[in-house]
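To start, the structure under review is shown below, and the notes come after it.
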Amino acid sequence: MSEARLRPGRGPGGAREPQDKESESENRLDGETASDSESKSEFGGSSPVPTSDDTPEVLNRALSNLSSRWKNWWVRGILTLAMITFFFIIIYLGPMVLMTIVMCVQIKCFHEIITIGYNVYHSYDLPWFRTLSWYFLLCVNYFFYGETVTDYFFTLVQREEPLRILSRYHRFISFALYLTGFCMFVLSLVKKHYRLQFYMFGWTHVTLLIVVTQSHLIIHNLFEGMICCLQGSPLEEALRKTRVLLFLSSLSLELSYVMSGYRCFTCPVEFNNDTNSFTVDCEPSELFQLQEYNVPVGLHSVLGWKTVRMYPFQIHSIALSTFASLIGPFGGFFASGFKRAFKIKDFANTIPGHGGIMDRFDCQYLMATFVNVYIASFIRGPNPSKLLQQFLALRPEQQLHIFNTLRAHLAERGALGSPEEA
């Protein structure tokens with residue numbers, strides 16, 4: 001009877017059996033990330049991972065006589081001016097260069113976040129972790145940007161036989177690539193590291209969701225026109241930190257007014273069949289044509305105007321700048337909480353005095369999603385060129401059916417004059 005009352009897994013003396021000890025150590029090994037109390041073992045010690053000084057040697061020599069505090073201020077100031085200058089240069093070079101920069105920023109941000117996970121669990125030597133992370137990045141980029149190329153450059157895709165085949169079976173190829181990575185992950189599972197490996201699998205996919213999806217939306221915004229991408233840009237983010245909503249809104253109105261007058265900012269990126277090149281030239285839509293608005297009666301005495309001429313897009317810019325000022329900072333708060341959770345100061349040391357690329361673009365990803373949703377909800381309308389491209393890709397009998405249907409519809413509305421004209 002006494003033996004029957006003994007707890008399972010314990011010997012007659014009340015001691016835990018060796019097999020149960022092994023099971024407990026396995027659970028403890030796999031569950032080290034379950035609580036903050038074990039964060040010391042995760043980082044290899046109680047103190048944060050030390051960061052190296054990546055300040056250029058030229059600046060180190062020039063600022064060697066200053067205290068560390070003033071040296072840091074000068075380094076941050078100089079590199080801030082350098083980043084602003086670089087920002088204006090890439091805008092001058094056009095949307096295609098800007099898209100390339102977005103891709104580079106995406107890859108670097110992904111690298112910084114994945115490196116944090118790799119360093120935290122480096123002692124476990126997880127098999128294929130980095131390889132699979134970069135493989136999944138390749139798969140997701142192939143899927144998203146393949147869809148974009150097919151959607152925006154349909155004519156170019158239909159001209160080239162290899163591109164036409166890739167476009168037709170794009171989603172199947174994307175699924176096959178992802179499925180290959182999924183099977184590789186299952187084959188890489190190792191005893192005693194199951195929970196940790198699934199944790200890092202989730203780490204990789206959440207990183208892809210945050211970084212790749214948002215950068216894809218930024219490129220979508222660029223295809224609508226650079227003015228849509230520049231709303232909530234790094235320049236506005238710097239001004240946003242003043243938390244002065246009225247000032248930011250007025251500045252956004254002025255910037256939108258200036259940019260709305262230039263086709264390079266307002267026209268979408270399109271492929272020109274005649275020149276075999278990408279062009280940014282179009283007739284401005286109503287959104288970018290000056291219109292006259294009546295000023296509310298209550299503001300007549302304040303402004304001294306009864307009407308005001310402005311671009312319709314300026315009204316939208318107020319909504320975008322309001323989001324950038326009020327909600328945009330939460331992207332930075334999220335990034336700060338992430339860094340505190342892993343006891344690190346910055347995501348990386350890419351930019352001396354500023355941290356990593358992710359430290360500079362933490363709010364941009366949230367802003368990019370809002371701009372894309374806002375454009376789709378309130379600005380974007382049917383695109384005649386896309387409809388025409390899809391129409392020309394149909395079979396002759398399908399084109400004829402659509403032609404007859406459209407002709408009958410226009411004749412019914414009186415747009416064609418008379419049935420004989422039709």
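The values are calculated or read from the model by the stated rules, or taken from the named source; none is laboratory data. Only a predicted model underlies this, so the values are computations on that prediction, with no experimental measurement involved. Reconstructed Cβ throughout: ideal geometry from the backbone, glycine too, with neighbour counts over all protein chains shown. Side chains are part of the model used for accessible areas, which takes the heavy atoms of the whole protein and leaves out ligands, DNA and RNA. Shrake-Rupley method; radii C 1.70, N 1.55, O 1.52, S 1.80 Å.
Checking the cross-link pairs Lys191/Lys345; Lys108/Lys339; Lys108/Lys192; Lys108/Lys191 against a 26 Å limit on the alpha carbon distance flags Lys191/Lys345; Lys108/Lys192; Lys108/Lys191 as lying beyond it.
Taking all Cα-Cα distances within the stretch 297-422, those exceeding 20 Å account for 72%. Placing +1 on the Cβ of every Lys and Arg and -1 on the Cβ of every Asp and Glu, with nothing else charged, gives the stretch 227-382 a dipole about its Cα centre of roughly 800 debye. If you wrap the stretch 65-121 in the convex hull of its Cα atoms and look at it from every side, the mean projected area works out to 5.8 nm². Peptides 70-76, 139-145, 111-117 ranked from most to least packed by the mean count of surrounding Cβ atoms within 10 Å: 111-117, 139-145, 70-76. Legend: residues Ile78, Ile101, sorted from most to least accessible area (1.4 Å probe; ligands, DNA and RNA excluded), read Ile78, Ile101.
For the stretch 94-224, the solvent-accessible area of protein heavy atoms averages 49 Å² per residue (probe radius 1.4 Å; ligands and nucleic acids excluded). Note on Thr275 and Trp128: their simple-model spin labels are 4.8 nm apart, each label 7 Å out from Cα toward Cβ.
P(r) tail for the stretch 94-224, what percent of Cα pairs lie past 18 Å? Kindly include the intermediate steps, with their values, before the conclusion.
Details: 5092 of 8515 pairs.
Value for the stretch 94-224 (Cα pairs over 18 Å): 60 percent.
Placing +1 on the Cβ of every Lys and Arg and -1 on the Cβ of every Asp and Glu, with nothing else charged, gives the stretch 94-224 a dipole about its Cα centre of roughly 440 debye.
Quick check: at a probe of 1.4 Å, how many percent of the accessible area of the stretch 227-382 sits on carbon and sulfur atoms? That fraction is 63 percent.
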